[in-house]
Each structure stands twice: as C-alpha cells, then as structure tokens.
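The values are calculated or read from the model by the stated rules, or taken from the named source; none is laboratory data. What you are looking at is a predicted structure, and each value in this text was computed from that prediction instead of being measured. FYI the Cβ positions are ideal-geometry reconstructions off the backbone, even for glycines, and counts take in every protein chain you see. Just so you know, the surface numbers come from the protein's heavy atoms only, side chains and all, with ligands and any DNA or RNA stripped out. Shrake-Rupley method; radii C 1.70, N 1.55, O 1.52, S 1.80 Å.
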Amino acid sequence: MYTYDDVKEHSKDREYVEKAIEEDGLLLDAADPEFQDDKELVMKAVTKDGGALEFASKRLKGDKEILMQAVEKKGWVLCYASDELKADKEIALKAAKTDGQILYYVSKELRDDYDVVKAAVSNKGIIVKYASFRLRDNEEIAKIAVSQNKVAFHYLSERMKNDEEVKKLIE
C-alpha cells in the first residue's frame, strides 16, 4: 500500500508513481509536476478516482478526454476544469448524470441550456437556484426540481410558485 509520503519521496520515479496511482488515483497529488502533466499518468489517476483531476496540470484540466473520464463517476470534479470545458455541453451532461451540483460550475450559457439544467435538477433539485431565470420559469424544470427536492420551490420564478400543479408537489 502506497502512502502520500512514500510517493512524495519517490515523486520523480515514474514507475513508482504509476504503480501508486493505479492503487489510489489521488496520490497524483504527491507526484512531481512533470507527472501531473503526463496525460497517460493523469488518465490512469482520474480513471481510478475522478477527484485526481484536482492535481492534474492546468494544461490537462483543459483536455476533454481527461475531463470526460474524470466526470464519469464524480461529476463535481467539473469544478477543476478549464473555463472552456466548463462551457462544453457534452461534458456538462455527462457530469450532471452523477452530480447535479455541476450547474454551479458551468458557464452562464449552460445554465440557460434546457438539457443541462434538466439533467442537473433531476438528481439535485435545489440546484435550480443556479439555472437561468428563463429556466426557473419553465414548468417542466420546476416540476422536476420540486419533485426531487421540495426546497427547490423557493428558487422558482413567481409564476411557477403560483402554478397550481407545481404547488401540489410541495403539499
């Protein structure tokens, strides 16, 4: 079993680091910056644990292939992505399948994208508060969000708060 201190001590030994991250992707944190910028090693790390994206180089946080793998099981790691990839609908949709919290991190444009918002509120209704006003005023989005979490009702438009069908969902 590898520890952070062990990897830090051997941080410049590629073979050692590779074996360590195959066991625990988060050990990428202790690797030499050169290895945090090595696509092959970072891919192994995020495949093991999407949270390893935090320790990838800035360059690789902007790599779509790396991001698609990282958000596979931990959608919230989208928070570490480059601004460009936070605006990528394909990545946002994939991340939203596991964690609606991603709506907080995506671009303003994606907060106004029906598909992305629907996917996000489907598993975290309260995140509707980060959706655009236009979508907080959408009946289907409102119903999904409130069905998932009644507290989401407070973040809807006034029109949706007065909608009889939406109001029935909080009774």
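May I ask you to list the residues in the stretch 1-10 that are within 28 Å of the chain's Cα centre (by Cα) and assigned to a loop (DSSP other than H, G, I, E, B)?
The answer is Tyr2, Thr3.
Check the stretch 55-65 and report whether any residue there is small (Gly, Ala, Ser), touching a residue at least 24 places away in the same chain (Cβ under 8 Å) and open to solvent by less than 40 Å² (accessible area, probe 1.4 Å).
Within the stretch 55-65, one or more residues are small (Gly, Ala, Ser), touching a residue at least 24 places away in the same chain (Cβ under 8 Å) and open to solvent by less than 40 Å² (accessible area, probe 1.4 Å).
Name the residues in the stretch 125-137 that are buried (at least 21 other Cβ atoms within 10 Å of the Cβ) and either of a type in the set (Asp, Glu) or part of a loop (DSSP other than H, G, I, E, B) (or both), would you?
Listed by number, the list holds a single entry, Ala131.
Residues being surrounded by 20 or more Cβ atoms within 10 Å (Cβ to Cβ) and in a helix (DSSP H, G or I): count how many of those fall in the stretch 70-85.
6
Can you name the number of the only condition in (1) at pLDDT below 95; (2) touching a helix residue (DSSP H, G or I) at 6+ places or on another chain (Cβ under 6 Å) that Lys97 fails?
Every listed condition holds for Lys97 apart from (2).
Residues that are over 14 Å from Ala145 (Cα atoms), open to solvent by 40 Å² or more (accessible area, probe 1.4 Å) and among the polar types (S, T, N, Q): does the stretch 101-122 have at least one?
No.
Filter the stretch 140-169 for residues that are in a helix (DSSP H, G or I), of a type in the set (Gly, Ala, Ser) and open to solvent by less than 10 Å² (accessible area, probe 1.4 Å) and give the result.
Ala142, Ala145, Ala152
Determine which single condition Ser107 fails, assuming it passes every other condition in (1) under 23 Å from Glu140 (Cα atoms); (2) part of a helix (DSSP H, G or I).
(2)
Going through the stretch 121-156 one residue at a time, which ones are under 18 Å from Val106 (Cα atoms) and in contact with a Ser or Thr (Cβ under 6 Å, 6 or more places away or on another chain)?
Of everything in the stretch 121-156, just one residue is under 18 Å from Val106 (Cα atoms) and in contact with a Ser or Thr (Cβ under 6 Å, 6 or more places away or on another chain), namely Arg136.
Among the residues of the stretch 29-45, is there at least one that is assigned to a loop (DSSP other than H, G, I, E, B) and open to solvent by 60 Å² or more (accessible area, probe 1.4 Å)?
no
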